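Right, one structure below, let's go through it.
The values are calculated or read from the model by the stated rules, or taken from the named source; none is laboratory data. Predicted model only: the values in this text are computed from it and were never measured. Here the Cβ is made from the backbone with ideal geometry for all residues, glycine too, and neighbour counts use every protein chain on show.
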Amino acid sequence: MLDIDTGSFNVKDVLVEMKDISGSMVDLAYSAVLYSNSEIAKEVYKLEEKMHSLLYKMRIAIMLGARNIDDAVEFAGILQIASAAEKIASAAGDIAKIAESVDIRQYLDRSDFEEAVINVRIKPSSDLANKTLRGLKLETETGMSILAIKRGSKWIYLPAGDERLQEGDLIITSGPTECIPAFCKMATGAEYRADKVEEKEEVKMRKRVTEKIADCIADMKNISELAVGLAYSAVMFENKEIAEEVKDLEDSMDRMKEGVEVLVMKAARVVSRRTNFDELRGILHVAISSEIISDAAYEIADVVLRDIKLHPVFLASIKESDEVILKMEVLNRAIFGKTLRDLKIETRTGMFILAIRRVDGKWVYNPAGDTVLKESDLLIMRGPREGEEKVREIVVGSST
């Protein structure tokens, strides 16, 4: 029995919702900070409260669903994963709080983020106006997904597929940095130009002192998101090698957080105003929260490392999630020897390649654009379920 009902909810439904919400919350939280937007931050808080409620439901469902010791053991692993998802949500909430207290945009470089979060307004010349999200298939056509829409004074968060975009809508989107120019041109009809924060001489001096901080924060964001994707992959495929990589990433994040702390202390020596100290304090909060996300990812992977058997309801929930995790062998001769940059898999399908397992057993985690695909490479990917057929055509050479 996969659905353990408790009247108004069941374990599978709660797991699906928790996974989807926690992932979206991280993107929304960074969006709040990147645009110093307190409205988005408040929505993150609402989602955080919802995650607390879902975990409470999960605990009730598990207590009611366990019929014997074997069930209890299998559900214990699920509860560990659900608790980790809530920790990710709480860390996202802590990141969002920074947007309400201090502006740290000059310490962040969006171009360093592997998955960027941007705001775009729908112009009259847009190819997106008056079309539904389901009809546009943005994730599989452009690699970008819409997190929220601001229409007038109203916000629509995590919009449904039947939501129709309108001229003047401000949309918050996330996706690979390389996809941004093409997507923005679709939305505005004009070439993309990155926003620039006006910089006074004092700010320029401070940036020279703290430019390493921006690199470290970007690395921490990228690695924490990679760790979460790999953690779910490790559990999905019961793969200890991937789980070990999550553990290594978590160790790296500990060291990176310490590095940010040192850099912030050095930067504090050359600032004089209280607002500058508040900004540096905000940076520390981002680093700490990112490290907490990697800790939570390790808690998920720990289920595999400790050989905890999971109830089948977990795999069922992953398959029904908005974001699926796939394992696919490279069999299409047409792509042998081509680089990921050449293939543009993320842009064409919305699928993000987390890892590649070579024929000799070696793993390439978070592969760069110049990574060459070889025959029988095994790809571990995450992305929208609508992208599965497209990526199969590219990787396997068949939609069947």
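Can you say whether LYS19 is part of a helix (DSSP H, G or I) and farther than 18 Å from LEU315 by Cβ, as far as the supplied structure shows? In short, no. So which pairs qualify, if the first residue must be in the range 132-145 and over 15 Å from GLU346 (Cβ atoms), the second must be charged (D, E, K, R) and surrounded by fewer than 22 Cβ atoms within 10 Å (Cβ to Cβ), the Cβ gap must be under 7 Å, and the two must be at least 6 apart or on different chains? Filtered contacts from the range 132-145: THR132/ASP162; THR132/GLU163; THR132/ARG164; LEU133/GLU163; ARG134/ASP162. If you go through the range 146-191 and keep only what is without any contact (Cβ under 8 Å) to a residue 24 or more places away in the chain and among the small types (Gly, Ala, Ser), you end up with GLY152, SER153.
If you go through the range 169-184 and pick out every residue that is more than 23 Å from the chain's Cα centre (by Cα) and either loosely packed, with under 14 Cβ neighbours inside 10 Å or modelled with pLDDT under 85 (or both), you end up with 0.
Just to check your reading of the model, which residue among THR349, THR371 is at pLDDT 95 or above, within 21 Å of GLY143 (Cα to Cα), of a type in the set (S, T, N, Q) and not assigned by TED's automatic domain parsing to the domain that holds PRO176? After applying the criteria, what remains is THR371.
Let's see how each residue does on (1) at pLDDT 95 or above; (2) of a type in the set (Gly, Ala, Ser):
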site: GLY65; (1), (2): no, yes
site: ILE78; (1), (2): no, no
site: ILE88; (1), (2): yes, no
site: ALA92; (1), (2): yes, yes
site: SER101; (1), (2): no, yes
site: TYR107; (1), (2): no, no
site: SER111; (1), (2): no, yes
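Within the range 29-54, residues that are not assigned by TED's automatic domain parsing to the domain that holds ILE98 reach no partner that is assigned to a helix (DSSP H, G or I) and small (Gly, Ala, Ser) with beta carbons closer than 8 Å at six or more positions or on different chains.
Picking from residues in the range 125-159 that are in a loop (DSSP other than H, G, I, E, B) and closer than 20 Å to GLU48 by Cα, the one that is modelled with the lowest pLDDT is LEU158. Annotation: of all residues in the range 242-260 being loosely packed, with under 14 Cβ neighbours inside 10 Å and more than 21 Å from the chain's Cα centre (by Cα), the one that is nearest to LEU310 (Cα to Cα) is ARG255. Residues that are among the hydroxyl-bearing types (Ser, Thr, Tyr) and over 22 Å from PHE113 (Cα atoms) within the range 365-379 comprise just one, SER376. Please verify whether the range 40-53 includes one or more residues that are small (Gly, Ala, Ser) and in contact with a Leu (Cβ under 9 Å, 6 or more places away or on another chain). Yes, some residue in the range 40-53 is small (Gly, Ala, Ser) and in contact with a Leu (Cβ under 9 Å, 6 or more places away or on another chain).
Of the residues that sit in the range 239-253 and are of a type in the set (Asp, Glu) and in contact (Cβ under 8 Å) with a residue 40 or more places away in the chain, which one is nearest to ASN222 (Cα to Cα)? Step by step, filter the range 239-253, then rank; the result is GLU250. So SER90 clears everything in (1) closer than 17 Å to ASP322 by Cα; (2) in a helix (DSSP H, G or I) except one condition, right? Which one? Answer for SER90: the failing condition is (1).
ASN119: in contact with a strand residue (DSSP E or B) (Cβ under 6 Å, 6 or more places away or on another chain), outside the structural domain of ASN276 (by TED's automatic domain parsing) and either at pLDDT 90 or above or of a type in the set (S, T, N, Q) (or both), yes or no? The answer is yes for ASN119.
Among residues of the range 388-400 that are over 14 Å from LEU378 (Cβ atoms), those with a Cβ under 7 angstrom from a residue that is acidic (Asp, Glu) and at pLDDT 90 or above, sequence gap 6+ or separate chain, pair up as SER399/GLU389; SER399/GLU393.
Here the condition is being in a loop (DSSP other than H, G, I, E, B), modelled with pLDDT under 95 and farther than 16 Å from PHE314 by Cα; of SER53, SER8, SER31, SER24, it holds for SER8 alone.
If you go through the range 341-365 and keep only what is among the small types (Gly, Ala, Ser), buried (at least 19 other Cβ atoms within 10 Å of the Cβ) and farther than 30 Å from LEU79 by Cβ, you end up with just GLY350. How about the range 254-267: which of its residues are aliphatic (A, V, I, L, M) and either closer than 16 Å to SER294 by Cα or without any contact (Cβ under 8 Å) to a residue 40 or more places away in the chain (or both)? If the condition is that a residue be aliphatic (A, V, I, L, M) and either closer than 16 Å to SER294 by Cα or without any contact (Cβ under 8 Å) to a residue 40 or more places away in the chain (or both), then MET256, VAL260, VAL262, MET265 are the ones that fit. Within the range 323-340, being in contact (Cβ under 8 Å) with a residue 40 or more places away in the chain and surrounded by fewer than 17 Cβ atoms within 10 Å (Cβ to Cβ) holds for LYS327, GLU329, LEU331, ARG333, ALA334.
Picking from residues in the range 21-68 that are polar (S, T, N, Q) and over 22 Å from SER290 (Cα atoms), the one that is surrounded by the fewest Cβ atoms within 10 Å (Cβ to Cβ) is ASN68. Among the criteria (1) assigned by TED's automatic domain parsing to the domain that holds GLU178; (2) crowded, with 20+ Cβ neighbours inside 10 Å; (3) over 20 Å from the mean Cα position of the chain (by Cα), the one GLU139 does not fulfil is (3).
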